[in-house]
Amino acid sequence: MSEQRERAVSPAVRDHVDNYVGGEWTTPASETSQPVVDPATGDELATVEFSTVETVDDAVQTANEAFEEWRQTPVAERVQYLFDLKTELEDRIDEIATALSREHGKTVAEARGEIKRGIENVEVACGMPNMMREGSGNVEDVASGMDEHAVRQPLGVFTAITPFNFPAMIPLWFLPYAVASGNTFILKPSEKVPLSSQLIFEAVDAVDFPDGVVNLVNGGAETVNTLLEHDDIEGVSFVGSSPVAKHVYETAAEHGKRVQAQGGAKNYAVVSENAEVEESVPNIIGSVYGNAGQRCLANDVVVGVGDVYDNLREQLVDAAENLTVGAGVDEETEVGPLITDDSRERVLGLIENALEEGAELVLDGRDFEHPELDGNFLGPTLLEGVTTDMEIAQEEIFGPVLCLAEAEDLDEAIEMVNSTKYGNASSLYTESGSEARQYRYEVDAGNIGINVGVCAPMGFFHFGGRKASFFGDLHAQGEDAVNFYTEKTIQIERWYS
Ligand code: NAD
């Protein structure tokens, strides 16, 4: 465990961003850096230095050297570190949530929720002794006097490259499974929100994993590409936008690595004539405007089927216009700022284009101004008359914008849902079992919610999308994670004396 680090800026937020390699905090040798900015105020919280090729190489060598001893540590002993990590993270929830809210902009309640979802994966990975048994097996006398076994083995150094929108949860989709199964691990978090990882790694440091088992390198695209091409990296997990996911998938695969790359999304919700509209509306509002729309499960297009439309529209407008916009650390806030001014400009561009293509503004959040803060705010926006040929119906919005569309029947609605290149998630609101069955069967998405607006699976189920939302085959979390992080070797044996 390295020495207690100094706290600055506020009790929860660090004003410096270090790497964590071989059990030590180190400032990366760097030629590039970037400020970490509070998106609600524009205040600079810290500077993140981008790790150079040499720094990344040093981290990979360190993780590689730690692998043999860690692999030989019994799995039941390995998971003891995770039991401790769960406690350390739980003790720090408020501290991490405050830092996360400051650097990302989401509300503290949302930040707490995401940390708990991350910890859930630590808990699931504590079951690794049993998880590694599944898929293994023995058959005696496959031939006379010959036995055959399938045994799971770890592979070496794995890395995960993560996005800005869930800075605490997404690293924990990977870290616990990678190390519990006997691999060593390097996290490269988003350079936009590196402070949450600092606090997660303070918890890692407190657990006192053997040096080099769990490492952190900060940086940008060059840092990522160094990891993707490094000979001693066995596998890569990625979560981010689809063009980068595709690049990561292709580059890592070309360099002989296992890779799972989760990309962007475009998720529709459908509200049937058989839905409980009043119950559905809070779910839809939470999905679209929660996290300021910056989530890969946001249902940013909502299709009303037949006669449900008018009632649905009225209730959605009523709920959306009453949402409170502000800084995430402010208790009343329900919609925080967008991560950067560029993101805000991109969302404004999508709205402008939708209007040019014939959509109509019902709620206009474009000119929202906070009375005290100069952040990247957008007020809740609601468009109607959206059709599938519009850009806004096909591209991920990642902002607090709800697009209303209409369909004559469920068949037409399902065609609309399947019209995009993405396949991450989709939700249906109905009380009809047969409609729900048709939807589950015909919608081409990795995660389907029935009367559920954010269909995020628990840690013991896999999580991943289809089509341009995912490149690879084994997804994150649960059993898929064990398959990703281990190789099943066949061992056939006979004895002569
Ligand atoms: P991003 O693709 O810009 O960045 C993700 C990571 O890739 C970061 O760590 C970044 O440093 C790195 N990166 C960026 N450009 C790179 C390049 N050219 N070469 C190599 N590495 C590069 O994504 P983001 O804006 O941080 O996150 C938002 C996106 O993530 C959205 O599209 C969202 O849908 C997606 N996302 C998907 C899931 C999922 O489960 N499918 C979950 C969360 C977020």
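The values are calculated or read from the model by the stated rules, or taken from the named source; none is laboratory data. None of these values were measured; they are calculated from a predicted model. Quick reminder, even Gly has a Cβ in these numbers, built from the backbone with ideal geometry, and neighbours come from all protein chains shown. Calculation scope for accessible area: heavy atoms of the full protein, side chains included, ligands and nucleic acids excluded. Shrake-Rupley method; radii C 1.70, N 1.55, O 1.52, S 1.80 Å.
Give me, ordered by chain and number, the residues 5 or more places off M146 or on other chains with an amide H under 5 Å from its own placed amide H.
Correct list: D141.
Pull up the DSSP beta bridges for segment 268-450 and report the antiparallel fraction as a percent, rounded to 5.
Numbers: 3 of 23 bridges.
Of the beta bridges lying entirely in segment 268-450, close to 15 percent run antiparallel.
Residues with amide H under 5 Å of V362's amide H, sequence separation 5 or more or different chain, H placed in the peptide plane at 1.01 Å from N; which?
L382, L383, E384
When N counts the residues of segment 174-256, how does its alpha-carbon radius of gyration compare numerically with 2.2 N^0.38 Å, as a ratio?
Numbers: Rg = 13.2 Å, N = 83, 2.2 N^0.38 = 11.8 Å.
Here the answer is 1.12, to two decimals.
For the peptides 147-156, 167-176, 106-115, what is the packing order when you average, over each peptide's residues, the other Cβ atoms within 10 Å and list the highest mean first?
On the way: 147-156: 16.6, 167-176: 27.2, 106-115: 23.2.
Taking the mean over residues of other Cβ atoms within 10 Å, the ranking is 167-176, 106-115, 147-156.
Short version: ³J(HN,Hα) in whole Hz for each residue of segment 113-130, in order, from phi by Karplus 6.51 cos²θ - 1.76 cosθ + 1.60 (θ = phi - 60°), x for Gly and Pro, what are they?
x, 5, 5, 5, 5, x, 4, 4, 6, 5, 4, 4, 5, 5, x, 4, x, 6
Give me the distance between the Cα centres of segment 55-73 and segment 111-154, rounded to whole Å.
22
Which order do the peptides 15-22, 212-219, 431-438 take when ranked by the mean count of other beta-carbon atoms within 10 Å per residue, highest first? Don't skip to the answer; put the middle values down first.
Working: 15-22: 21.1, 212-219: 26.5, 431-438: 14.4.
Those peptides, ordered most packed to least, come out 212-219, 15-22, 431-438.
HN-Hα J couplings of segment 365-382 from phi, Karplus 6.51/-1.76/1.60, θ = phi - 60°, integer Hz, Gly and Pro as x?
x, 5, 9, 4, 10, 6, x, 10, 10, 9, x, 8, 7, 9, x, x, 10, 9
Treating the angle as unsigned and between 0 and 90°, give the value, to the nearest 10°, between the Cα long axis of helix 75-91 and the longest Cα principal axis of the chain.
40
Using only helices, what value at 222 nm comes out for the chain when you add -39,500 (n - 2.57) per DSSP H run of length 4 or more and divide by the total residues, to the nearest 500 deg cm²/dmol? Could the numbers behind the result be given before it?
Details: 16 runs with 186 residues, N = 497.
Theoretical 222 nm ellipticity from helices: -11500 deg cm²/dmol.
Cα-based Rg (one decimal) and Dmax (whole number) for segment 268-450, in Å?
Cα-based Rg and Dmax for segment 268-450 come out at 15.7, 51 Å.
Please work out the ratio of the alpha-carbon Rg of segment 373-468 to 2.2 N^0.38 Å and round it to two decimals. Could the numbers behind the result be given before it?
Details: Rg = 14.9 Å, N = 96, 2.2 N^0.38 = 12.5 Å.
The reported ratio for this selection is 1.20.
Compute for segment 31-79: radius of gyration divided by Kirkwood radius, i.e. Rg/Rh, restricted to C-alpha atoms, rounded to two decimals.
Details: Rg = 18.0 Å, Rh = 14.1 Å.
Ratio of gyration radius to Kirkwood radius: 1.28.
Given H placed 1.01 Å from N in the peptide plane, which residues other than close sequence neighbours of R466 have an amide H under 5 Å from its amide H?
G423, N424, G446
Could I have the simple spin-label model distance between E222 and D367, label points 7 Å from Cα toward Cβ, reported in nm to one decimal?
It is 4.4 nm.
Nearest 10 degrees is fine. How inclined is helix 195-207 to the longest principal axis of the chain, computing both from alpha carbons?
Roughly 30 degrees between the two axes.
Calculate the dipole size of the chain relative to its Cα centre from +1 charges on Lys and Arg beta carbons and -1 charges on Asp and Glu beta carbons; express the result in debye to the nearest 20. All intermediate terms of the calculation are to be shown ahead of the outcome.
On the way: 32 positive and 91 negative charges, 287 e Å.
With only Lys, Arg, Asp and Glu charged at Cβ, the dipole is about 1380 debye.
Ignoring ligands, DNA and RNA, what percent of the 1.4 Å accessible area of the chain is carbon and sulfur? Walk me through the numbers before you get to the answer.
On the way: 8840 of 19970 Å².
Roughly 44 percent of what the probe reaches on the chain is carbon or sulfur.
Which percentage, to the nearest 5, of the DSSP beta bridges contained in segment 46-196 is antiparallel? The partial results should precede the final answer.
Numbers: 4 of 9 bridges.
Antiparallel bridges: around 45 percent, rounded to the nearest 5.
How much area per residue is accessible in the chain when the probe is 1.4 Å and only protein heavy atoms are counted (Å²)?
Values: 19970 Å² over 497 residues.
Value returned for the chain: 40 Å² of accessible area per residue.
To two decimal places, what compactness ratio does the chain give when its Cα radius of gyration is scaled by 2.2 N^0.38 Å? Write out the running numbers ahead of the final one.
Working: Rg = 23.5 Å, N = 497, 2.2 N^0.38 = 23.3 Å.
Normalised by 2.2 N^0.38 Å, the Cα Rg of the chain equals 1.01.
Can you work out the Karplus-derived ³J(HN,Hα) for every residue in segment 420-433? Use 6.51 cos²θ - 1.76 cosθ + 1.60 with θ = phi - 60°, whole Hz, and x for glycine or proline.
Residue by residue, segment 420-433 yields 8, 7, 8, x, 8, 7, 7, 10, 10, 10, 6, 10, 9, x Hz.
Looking at the chain only, what percent of DSSP beta bridges run antiparallel? Nearest 5 please.
Details: 31 of 69 bridges.
Rounded to the nearest five, the antiparallel share is 45 percent.
Report the label-to-label distance for S241 and F461 in nanometres (one decimal), using points 7 Å from each Cα along the Cα→Cβ vector.
Calculated label separation equals 3.0 nm.
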